[in-house]
Amino acid sequence: MKSDATIEGEPQPNRFATTRWSLILSCAKSGTTKENARQALAELCRIYWRPIFAFICRRGYSISDAQDLTQDFFLMILEGDLLLLADPDRGRFRSLLVQALQNFLSDNHDRCKAEKRGGGKQFVPWNDWMAEAPSNFSTSIRELQNWPAEKIFDLRWATTVTEQALRHLADECANSGRQRMFSVLSEYLTSDRSDVSYSSLSASLGVPESSIKRVLHHLRARYRIILRDEVSQTVENAEEVNDEIRYLCSVLATSGF
């Protein structure tokens, strides 16, 4: 993936008045917990369940315990604890989430004495979250065993955001009657691959090479815009987006993607 995702789709300055994270910060500053802030937080949490779950598993918990702890962690967040901690000086949503998770796990032995984790409550049915499409970015179990939990979290964050953008683009293509075109070209979207055989793609899709080049250029540009929008939801201002995308690209690159 190239960092030219930072070039196209530059948002307007006031765009950041309505991102999910800036909305959460705004309510935290004013001391209120408006319903739209909680909804924004819930949307961010839904995206981050995979990185959180992977982090907890890497810390040595079983899958079933990691599921319970992931639910508990997000329940704690949605009940207001993270809103109280929200502070622009603490950095991006991703950074605050990792710190909150580390604190949460360090206190886990106390919570285990409670009647039942989460009090039997589930703010979102776990199966609905697990039903999301599996990751197309895979890393060997042996390699993951040598990684710290923080690195696994970053990888799962990067792949989840990337796949979120790809799914969004896939839906757009399906709605415009280009689902097959997307299916064939999607593997060439996340990097400017030099091994693209336009003649083979032309034969496979039954369209001229010039059309393949035009559509692929459009899909790459649209993908970068969508990816930028996904990342912008987790930072407070435009200046942070480029750095976050560069970091996302570096995480994927150092992980072999």
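Annotations for the structure displayed:
- Theoretical FRET efficiency, 1/(1+(r/R0)^6), r = Cβ-Cβ of ALA174 and ALA253, R0 35 Å, to 0.05: 0.75
- Computed log₁₀ I(q)/I(0) - Debye formula, equal Cα scatterers, no solvent, region 181-257, q 0.12, 0.14, 0.16, 0.28 Å⁻¹: -0.44, -0.56, -0.69, -1.29
Taken together, the values in this text are just the output of simple stated rules run on the coordinates, not laboratory data. Source: prediction; values computed, not measured. No Cβ is skipped: glycine too gets one built from the backbone with ideal geometry, and neighbour counts run over all protein chains shown.
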